[in-house]
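The values are calculated or read from the model by the stated rules, or taken from the named source; none is laboratory data. Since we're looking at a predicted model, the values are computed, not measured. Here the Cβ is made from the backbone with ideal geometry for all residues, glycine too, and neighbour counts use every protein chain on show. Remember, those area values only see protein heavy atoms, side chains included, never the ligands or the DNA or RNA. Shrake-Rupley method; radii C 1.70, N 1.55, O 1.52, S 1.80 Å.
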Amino acid sequence: MTAHTHARKDAGPDAGTNPAAGAPGGGPAAGAPGGGPTAGAPGGGPAAGAPGGGPRAGAPGGARAARRISPNLALDQLVAERQARGERITHLGFGESRLPVFPPLAERLAAGASRNAYGPVAGDPGVRAAVAGYFARRGLETDPAQVIVAPGSKALLLALQLVEPGDVFLPAPCWVTYQPQATLAGKRAFGVPVPAHCGGVPEPGALRTAVRAARAAGHHPRLVVLTLPDNPTGTLAPPRTVREVCAVAEEEDLLVVSDEIYRDILHESAPPFLSPAEVVPERTIVVTGLSKSLALGGWRIGVARFPAGPAGERLCADVASVASEVWSTLAGPMQAVAEYAFAEPPELLERLRRDAHLHGAVAGAVHDIVIAAGAECRQPTGGFYVYPDFGPVRDRLAGKGIVDGESLQRHLIEESGIAVLAGVHFGDAPDALRFRAATSMLYGRTRDEQRAAQEAEKPLELPHIADSLAAIRSGFTALTAG
């Protein structure tokens, strides 16, 4: 095991280095966040080009090479530019819920427009109480003092990395941002393969082995990040697996960061949801937000719930200290939105129910298409992703020049007009023929189409969704044709 080894059990010996992070559809981005050259320095020192580190290797005159933006955002920009030129692209590359704003949320935003004062760093009392109630309804009794609101859960995740010393253990594959944030914080990130039946959590036995090996090598294991449900695999770890991971965290004295931003997008086929905060409450920090469940990605509303007791109070205070120096507080109008949303009035719960039905139906349809094309793929149970593996048809793809995730991503967009994000960007093996498809991009190009998708009991029968699914089916059939 090496630093930033995001490998699956079936990956090759160099699996897990992520040289192409930040360069979707292209070659390796030397020195990009998440790339092999920046994944921790030998002996535990700062990585070249990382905060506190020296110049990046290969930079002219010793200058630091420019960092690149996150690969999913870069791909979304690329697709938007090509669509603006008139190209027809079926966009499965960006993890955004393309749905209209729920009107009562817009009303709360407008009503909160006069809230132009800074206010408390952690959030106003009303919004923190609403978030505490949200968690209490999910079996987690919460004092408002345990809550911080912020401009997106990304900011809170980075703040946690900055204030809690020690190295981080990640599922492999995992969301594109976890490892670059660890690098920015001057840490090592260790990837641990996910179980065969789900993503979002390290396989418990492999996690134990990895932590002990890292400690024996002189590293400092401290954090393990879970994603429930998962991005990129679109699956939810069942309670037994969550309990086993939590047991390892207790044995090895790890803090658990549970990213539950997809918690309210469970499909009908999902197993029961168990938060690590129900199992090891004294060592679990939960982060969530409104970007995914309520399609408010651009509004940037995130929250964190810290453990009760002295250790949790210290961690909460430390994150608030970072907040005070970086984002000051969540904007007042957004706090008005969050207070309404986390109170979960009946009309909002009905909107969530309808959206979860839509997400599950479309993700299930894309899953069936990739299976028919010869891929292996876990059944999606939460969120809006599928993560197929075209390894079973590797020989056929090799005849088309497709030998790894990047060439598979390139081929699909150039030959079939289908945009996906290669698994290497999620810490998967570079030679793995896997990618993430974000099915939430299929709900329509216009607000009218998107609203129709939300309201439909049978969204797959809507012409615009049926047409998109037909294009995907045609592209994947052509991809694996002999």
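If you keep only loop residues by DSSP, which GluC sites (Glu not before Pro) in the range 409-457 have at most 16 other Cβ atoms within 10 Å of their Cβ?
Details: sites: E414, E415, E449, E455, E457; in loops: E457.
Those satisfying the criteria are E457.
Could you work out [θ]222 nm for the chain from helices alone, using -39500 (n - 2.57) per DSSP H run of at least four and dividing by all its residues? Round to the nearest 500 deg cm²/dmol.
On the way: 15 runs with 179 residues, N = 482.
Mean residue ellipticity, 222 nm, calculated: -11500 deg cm²/dmol.
Counting Lys +1, Arg +1, Asp -1, Glu -1, what net charge surrounds Q454 among other residues with beta carbon under 9 Å of its beta carbon?
Working: positive: R351, R354, R451; negative: D355, E455.
Spelling it out: positives minus negatives among the neighbours equals +1.
So what's the net charge close to R473: Lys and Arg +1, Asp and Glu -1, counting the other residues with Cβ under 13 Å from its Cβ? Don't jump to the answer; show the numbers that get you there.
Working: positive: none; negative: D368, D467.
The answer is -2.
Antiparallel versus total DSSP beta bridges in the chain: what percent is that, nearest 5? Provide the component values of the computation, followed by the final result.
Values: 15 of 34 bridges.
Counting DSSP beta bridges with both partners in the chain, the antiparallel share is about 45 percent.
Would you pull out the residues with amide H under 5 Å of T90's amide H, same chain only if 5 or more places away, H placed 1.01 Å from N?
Amide H neighbours of T90: I418, A419.
Can you pull the Kirkwood radius for the range 320-398, inverse mean 1/r over Cα pairs, to one decimal in Å?
Details: mean 1/r = 0.0612 Å⁻¹.
Its Kirkwood hydrodynamic radius stands at 16.4 Å.
Please calculate how many Å² of accessible area the range 348-447 carries per residue, with a 1.4 Å probe and no DNA, RNA or ligand atoms counted.
On the way: 3070 Å² over 100 residues.
Using a 1.4 Å probe on heavy atoms only, each residue of the range 348-447 averages 31 Å².
Once you compute Rg and the Kirkwood Rh from C-alpha atoms, what is the Rg to Rh ratio for the range 281-335?
Reported Rg/Rh (Cα atoms, Kirkwood Rh): 1.02.
Residue by residue through the range 412-420, what is 3J(HN,Hα) from phi via Karplus (6.51 cos²θ - 1.76 cosθ + 1.60, θ = phi - 60°)? Round to whole Hz and write x for glycine and proline.
So the Karplus estimates, Gly and Pro as x, are 5, 6, 7, 9, 10, x, 10, 9, 9 Hz.
Leaving ligands, DNA and RNA out of it, report the carbon-plus-sulfur percent of the accessible area of the chain at a 1.4 Å probe.
Details: 9800 of 17880 Å².
The nonpolar share, carbon plus sulfur, comes to 55 percent.
Looking only at trypsin sites (Lys or Arg not before Pro) in DSSP loops with at most 12 other Cβ atoms within 10 Å, what is the longest site-free stretch of the chain? Write down the numbers at each step before the final one.
Values: sites that count: K9, R85, R88, R137.
Counting at most 12 other Cβ atoms within 10 Å as exposed, the longest clean stretch of the chain is 138-482.
Net charge near R378, counting Lys/Arg +1 and Asp/Glu -1 over other residues with Cβ under 10 Å of its Cβ? Show your work: numbers first, answer last.
Working: positive: none; negative: D230, E376, D389.
Residues near R378 contribute -3 overall.
How long are the semi-axes of the equivalent ellipsoid of the range 217-339, taking √(5λ) for every eigenvalue λ of the Cα gyration tensor, in whole Å from largest down? Intermediate values should be presented prior to the final figure.
Values: eigenvalues 122, 97, 29 Å².
They are 25, 22, 12 Å, listed largest first.
Over all alpha-carbon pairs of the range 350-456, lay out the pair-distance distribution in 5 Å bins, whole %, shortest bin first.
Pair shares across the bins are 2, 12, 19, 23, 17, 12, 8, 5, 1, 0.
Taking 8 Å as the Cα distance limit and 6 or more residues as the minimum spacing, I'd like the relative contact order of the chain as a percentage.
Working: 1092 pairs, mean separation 107.4, N = 482.
Normalised by residue count, the contact order of the chain is 22 percent.
At what distance in angstrom do the alpha carbon centres of the range 362-429 and the range 149-204 lie from each other?
That distance is 24 Å.
Over the Cα atoms of the range 127-272, each weighted equally, I'd like the Debye log10 I(q)/I(0) at q = 0.12 Å⁻¹, rounded to two decimals.
-0.51
Take the chain, drop everything but the C-alpha atoms, weight them equally and run the Debye formula without solvent; then report log10 I(q)/I(0) at 0.06, 0.07, 0.10 Å⁻¹ to two decimals.
-0.25, -0.34, -0.72
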